[in-house]
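Contents: one structure, followed by commentary.
Laboratory data are not the source of any read-out in this text; all were calculated from the coordinates shown. This is a predicted model, so every value here is computed, not measured. Backbone-built Cβ (ideal geometry, glycine too); neighbour counts: all protein chains shown.
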Amino acid sequence: MRIRHVAGVLALCAPLGSLLATGPASAEDEVKVGLLLPFSGVYAGLGTHIENGFNLGLEHFGGELEGVTITVERADTEAKPATGLAKAKKMVLQDKVDVLAGIVSSAVLGGLRDFVHGAKMPLIVANAGNDAMTGPKCSPYITRVSFSNGMINRPMGPWLAAQGVKKVYAMAPDYAAGHQMIEAFKATFTAAGGEVIGEAFPPLSGTKDYGPYISAAKAAGPDAIYTFFAGGAAITFVKQYSDFGLKTEIPLYGAGFLASAAYVHVQGEAADGIVAALHYVPTIDTAENKRFQEAYQAKHEKVGSEFAVQGYDAARMIVEALKASGGDKSKLAENLRKVSFDGPRGPLEIDPKTNNVVQSIYIFRNDFKDGAVTQTVLDKVEGVRDEVNGCAM
Ligand code: BEZ
């Protein structure tokens, strides 16, 4: 396989010998990938992690494909549905990509779902957790390798209740992902006997001061606060929560994007003690994860985050799906949903009833020691799978 990047993106090339040996690619053996990611706005850094992981995945697994050239083109969706849709349309209608990958925001995914479905364009979702897209709005063309908002948060309800937490105040940004993450937690926490005594949904973009929200949460008198924040919003929220002196008074729990390996080093001591759930933590002790982390860190001098793993696994899925069809890209959508493998996060498969990933969820604690934060796994729930939830394909 040969890998070429277009549109001003870094070139990843096979050794010259192999390029000469395979000769120029024809339209039939070229697979064009359109990466739709945020490279600006509140989720900017997340896009870079996913892209880095994706490129590493092509490097690690692309060699398993003979006689196929993969070209990668990228576009900035920001966290804006209208921008995401416009960029998706350009990639499909003008640039004629064969497969789309990426999408960080649940709102952006919701905004381009009907277009992708109507165009019968295979899309691998490498972040956005929007539950509806593998539920009532599922599509045979949309396969998610990352997570759903529900599956990350459901395990935390009974877990918190088992720790003796009874009253929780919930907080998340005011858009699809924020509401879905909190709803999923609420459903299992209340079923386990807990109570959500209040909630707040600050705007996703432009909230610089969480002070009024944090004060309202404190005034409600909860045993704990449960949150979803990611990217720049997570960095700001965690630092301000600590600056308010609440960290030692009211423990902070949530979806693990709150203290992601992508930016927990920036949060530093402010992240100490946060307990959260995710489908990946860098400390997973397997040969697959070691290989991923060593290669990622050697290349980027940073720990590989869950976002990087999602990109890495998305690239591997494309390679596996092409391998299954002998390089026939017209079979990509139907073969993506059949892929399963052991990756850095552990075993994963795609549920053919929803096209959503089935995977383990890790509950972990962030510990600040000797100037760095480490993430210790406290619990693991295996084979987490979403209900069909109205999906009819
Ligand atoms: C989402 O919008 O689905 C999302 C964004 C960032 C992290 C996790 C989920």
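For the chain, the average shadow cast by the Cα convex hull is 18.0 nm², which is a quarter of the hull's surface. Applying 1/(1 + (r/R0)^6) with r as the Cβ-Cβ distance of Asp76 and Thr190 and R0 = 56 angstrom yields a FRET efficiency of 0.90. When peptides 88-99, 147-158, 177-188 are ranked by their average number of other Cβ atoms within 10 Å per residue, the highest-first order is 147-158, 177-188, 88-99. From the Cα gyration tensor of segment 151-278, with a ≥ b ≥ c the square roots of its eigenvalues, which class applies: rounded if a/c is under 1.5, or else prolate if a/b is larger than b/c, or else oblate? Taking the square roots of the gyration eigenvalues as a ≥ b ≥ c, segment 151-278 is rounded. Cross-link reach is defined here as a Cα-Cα straight distance under 25 Å, omitting same-chain residues fewer than 8 places apart; for Lys218 the lysines meeting it are Lys166, Lys167, Lys186, Lys208, Lys239, Lys247.
Rounded to the nearest 10 degrees, the inclination of helix 106-119 to the longest alpha-carbon principal axis of the chain is 30 degrees. Between Leu93 and Asp367, the simple spin-label model (points 7 angstrom out along Cα→Cβ) gives 5.5 nm.
Secondary-structure-derived ellipticity at 222 nm for the chain, considering helices only, amounts to -10500 deg cm²/dmol, per-run term -39500 (n - 2.57) for DSSP H runs with n ≥ 4. Against the main long axis of the alpha-carbon atoms of the chain, helix 176-191 sits at an angle near 50°. Relative to the longest principal axis of the Cα atoms of the chain, helix 44-61 runs at roughly 40 degrees.
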